[in-house]
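Undergrad: The structure under discussion is supplied below as structure tokens; questions concerning it will follow.
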Amino acid sequence: MKLLEPKNKVIEQKEYSVGVKVFGYILLGFCVGYWIYFFFIVHDYVPLTHTTYLTLILISLTCINKFESALLNSFVSVSSVGFLLISLFLINSSKDIYLWIGGPILHGIMAAFQLYIVFNKRIYISKRFLLIGFLFYIIFLSNYDNYSRLIEITDMGAIFTELSVVVQVFYIFILTAIFTYFYKKHFKILLP
């Protein structure tokens, strides 16, 4: 199991370690509540297929594992720049406080968390899991989420076509993965 999922201790302080783990459980609890609401009560399954929801689950699992899972760290880091750009684009389309909280604020916090994983010199990433994470996000976004939804929520239909968004997302994810690879390799925190 160690070869499949290498784990390295990141957090030394017990209080901080427990706090991160508790935050992960709370976030996972919110994600489960969200799932119960949309799946059983509203019967609207589309919000459960959004990349934001999937990434929140991955972030919660990363916190529960206290940044020790190279698999989760690698998966979460792939979409960091994508969420940063989405949060910036959502500023234009957010008209009320609800849209601000669920839009640029939520996506900005997610991007900050993901960039923390990318730039932290103690958090390990695996190059094979980085590649698998890249493929996972591309396949998930192409098959379950919707590129036209990204255009719609950012209110950029006059500027971007669906094809241009597909190409941009591909390059954003691949360049983020390449940058993360070389950054972690430079600081010798890249696992095979």
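The values are calculated or read from the model by the stated rules, or taken from the named source; none is laboratory data. Just so we're clear, the structure is a prediction, and the values are computed from it rather than from any experiment. Cβ coordinates were reconstructed from backbone atoms using ideal geometry, including for glycine residues, and neighbour counts include every protein chain displayed. We work out accessible area using only protein heavy atoms, side chains counted, and drop any ligands, DNA or RNA first. Shrake-Rupley method; radii C 1.70, N 1.55, O 1.52, S 1.80 Å.
Undergrad: Tell me which residues, restricted to the stretch 159-171, are in a helix (DSSP H, G or I) and either touching an Asp or Glu at 6+ places or on another chain (Cβ under 6 Å) or open to solvent by 40 Å² or more (accessible area, probe 1.4 Å) (or both). Spell out the reasoning first.
TA: Our first condition is that a residue be in a helix (DSSP H, G or I); within the stretch 159-171, this holds for 162-171.
Those that are in a helix (DSSP H, G or I) and either touching an Asp or Glu at 6+ places or on another chain (Cβ under 6 Å) or open to solvent by 40 Å² or more (accessible area, probe 1.4 Å) (or both): E162, L163, V166, V167, Q168, F170, Y171.
Undergrad: Select from the stretch 121-141 the residues that are touching a residue at least 24 places away in the same chain (Cβ under 8 Å) and either more than 23 Å from K9 (Cα to Cα) or polar (S, T, N, Q) (or both) and list them in ascending order. Write out each step before concluding.
TA: Taking the stretch 121-141 as the starting set, the residues that turn out to be touching a residue at least 24 places away in the same chain (Cβ under 8 Å) are 121-134, 136-138, 140-141.
Listed by number, the residues that qualify are S126, F134, F136, Y137, I138, F140, L141.
Undergrad: Starting from the stretch 166-192, keep only residues that are in contact (Cβ under 8 Å) with a residue 40 or more places away in the chain, then list their pairs with residues that are of a type in the set (K, R) and open to solvent by less than 40 Å² (accessible area, probe 1.4 Å) whose Cβ atoms are within a distance under 9 Å, requiring at least 6 positions of separation or different chains.
TA: L190/K184; L191/K184
Undergrad: With respect to G103, is the statement that it is assigned to a helix (DSSP H, G or I), touching a Ser or Thr at 6+ places or on another chain (Cβ under 8 Å) and at pLDDT 95 or above true? Step through it out loud before you land on a result.
TA: Numbers: assigned to a helix (DSSP H, G or I): yes; touching a Ser or Thr at 6+ places or on another chain (Cβ under 8 Å): yes; at pLDDT 95 or above: no.
Criteria not met by G103.
Residue by residue, here is whether (1) hydrophobic (A, V, I, L, M, F, W, C); (2) farther than 16 Å from Q114 by Cα; (3) in contact with a Pro (Cβ under 6 Å, 6 or more places away or on another chain) holds:
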{"position": "K9", "(1), (2), (3)": "no, yes, no"}
{"position": "Q13", "(1), (2), (3)": "no, yes, no"}
{"position": "W35", "(1), (2), (3)": "yes, yes, no"}
{"position": "L48", "(1), (2), (3)": "yes, yes, no"}
{"position": "Y53", "(1), (2), (3)": "no, no, no"}
{"position": "L56", "(1), (2), (3)": "yes, no, no"}
{"position": "S69", "(1), (2), (3)": "no, no, no"}
{"position": "V81", "(1), (2), (3)": "yes, no, no"}
{"position": "I97", "(1), (2), (3)": "yes, yes, no"}
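Undergrad: Ok, one more. Report, by residue number, each residue of the stretch 108-119 that is touching a residue at least 40 places away in the same chain (Cβ under 8 Å) and of a type outside the set (A, V, I, L, M). Working first, answer last.
TA: Going through the stretch 108-119, the residues touching a residue at least 40 places away in the same chain (Cβ under 8 Å) turn out to be 110, 113-114, 117-119.
Within the stretch 108-119, F113, Q114, F119 qualify.
Undergrad: Now, a different point. Among the residues of the stretch 115-131, are any modelled with pLDDT of 95 or more, more than 21 Å from V20 (Cβ to Cβ) and either within 14 Å of the chain's Cα centre (by Cα) or not in a helix (DSSP H, G or I) (or both)?
TA: yes
Undergrad: Within the stretch 121-147, track down each residue that is surrounded by 16 or more Cβ atoms within 10 Å (Cβ to Cβ) and closer than 21 Å to H186 by Cα.
TA: The answer is I123, Y124, I125, S126, K127, F129, L130, G133, F134.
Undergrad: How do the pairs read when you match residues in the stretch 9-22 that are within 21 Å of L61 (Cβ to Cβ) with residues anywhere that are in a helix (DSSP H, G or I), using Cβ under 6 Å and keeping only pairs 6 or more apart or on different chains?
TA: As it stands, the answer is I11/S17; V20/C63; K21/I64, since those pairs meet every condition given.
Undergrad: Are any of the residues in the stretch 57-76 in contact (Cβ under 8 Å) with a residue 60 or more places away in the chain, of a type in the set (S, T, N, Q), open to solvent by less than 40 Å² (accessible area, probe 1.4 Å) and out of contact with any Phe, Trp or Tyr (no Cβ under 7 Å at 6 or more places or on another chain)?
TA: yes
Undergrad: Of the residues that make up the stretch 10-25, is at least one open to solvent by 100 Å² or more (accessible area, probe 1.4 Å), in a helix (DSSP H, G or I) and among the basic types (K, R)?
TA: yes
Undergrad: If a residue has to be farther than 25 Å from Y171 by Cα and either outside any helix (DSSP H, G or I) or out of contact with any helix residue (DSSP H, G or I) (no Cβ under 6 Å at 6 or more places or on another chain) (or both) to count, how many in the stretch 45-99 make the cut?
TA: Number of matching residues: 13.
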